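Asks: What follows is a single structure, and I will ask about it in a moment.
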Amino acid sequence: VIVDNYIELEQYLSGSSISNGLNYGLSYIPNSNNEIFGFVRYVNEGSSADIANIQRGDIFRGVNGINLTIDNYSDLLSQEIYTLNFASYINNNTDDINDDIVELNNINIEIQKTPLVKNPVHHYSILNSSNGKIGYLMYNQFVSKKSHELNQVFENFKNEGVSEMVIDLRY
């Protein structure tokens, strides 16, 4: 990988970056090959998006009053400060997904990029099953100076008698 700014790369590899904490995916609006919408995958704790109470599963359709398209989303979502225009996904109860609608819902939230130190252990929990306890760990980034947090999770799993694990590396 070749990068323009080695300082940004060093910060990223140490878990620090300039971010609004919004981690999202994009999808096409039903019946469109140009218009898109965003959905929140997760939000980093302590970030601007977290403070604004943006949640996993929220849907947004525009930025600063401009609907997202395949041509403009990158510029709109890379700004330092912007207002997300949220939407509702409406399933019209037919078998055809093309009948669904993504409609603005008049919820608009401003977020901004700030220095953020991310914990790569985004979430962990213990699930009880008939075969014993299962540890779940959502791990988001391999960061050299954050092994203490990871060790704490594994110590907790050990103390709680976890016998199986799911490690979620999707993000």
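Asks: For the structure I just gave you, tell me whether Lys118 is within 30 Å of Ile36 (Cα to Cα) and either in contact (Cβ under 8 Å) with a residue 12 or more places away in the chain or open to solvent by less than 90 Å² (accessible area, probe 1.4 Å) (or both).
Replies: Yes; evaluated as a whole, the condition is true for this residue.
Asks: Let me ask another. Residues being farther than 30 Å from Phe60 by Cβ, in contact (Cβ under 8 Å) with a residue 12 or more places away in the chain and in a loop (DSSP other than H, G, I, E, B): count how many of those fall in the range 121-163.
Replies: 3
Asks: Follow-up. Can you tell me which residue within the range 39-63, out of those that are touching a Ser or Thr at 6+ places or on another chain (Cβ under 8 Å) and under 18 Å from Ser19 (Cα atoms), is most open to solvent (accessible area, probe 1.4 Å)?
Replies: Top of the filtered list is Phe39.
Asks: Still on this model: Take the conditions over 30 Å from Phe142 (Cβ atoms), part of a strand (DSSP E or B) and more than 20 Å from the chain's Cα centre (by Cα) and apply them to Leu104. Does it pass?
Replies: Criteria met by Leu104.
Asks: Further, regarding this structure: Which of the residues spanning the range 121-140 are within 14 Å of the chain's Cα centre (by Cα) and surrounded by fewer than 16 Cβ atoms within 10 Å (Cβ to Cβ)?
Replies: His123
Asks: Shifting gears a bit: Given (1) assigned to a helix (DSSP H, G or I); (2) modelled with pLDDT of 95 or more; (3) of a type in the set (S, T, N, Q), identify the lone condition not met by Asn98.
Replies: Looking at each condition in turn, Asn98 falls short on (2).
Asks: Under 9 Å between Cβ atoms, which residue pairs at least 6 apart in sequence (or on different chains) link something in the range 99-110 that is closer than 15 Å to Ile54 by Cα and open to solvent by 70 Å² or more (accessible area, probe 1.4 Å) with a partner that is charged (D, E, K, R) and at pLDDT 95 or above?
Replies: Going by the 9 Å Cβ cut-off, the qualifying pairs are Ile107/Asp58.
The values are calculated or read from the model by the stated rules, or taken from the named source; none is laboratory data. Every value quoted in this text rests on a predicted model; they were computed, and no experiment measured them. Counting neighbours? That spans all protein chains shown, and the Cβs are built from the backbone with ideal geometry, glycine included. Only protein heavy atoms, including side chains, enter the accessible area calculation; ligands, DNA and RNA are left aside. Shrake-Rupley method; radii C 1.70, N 1.55, O 1.52, S 1.80 Å.
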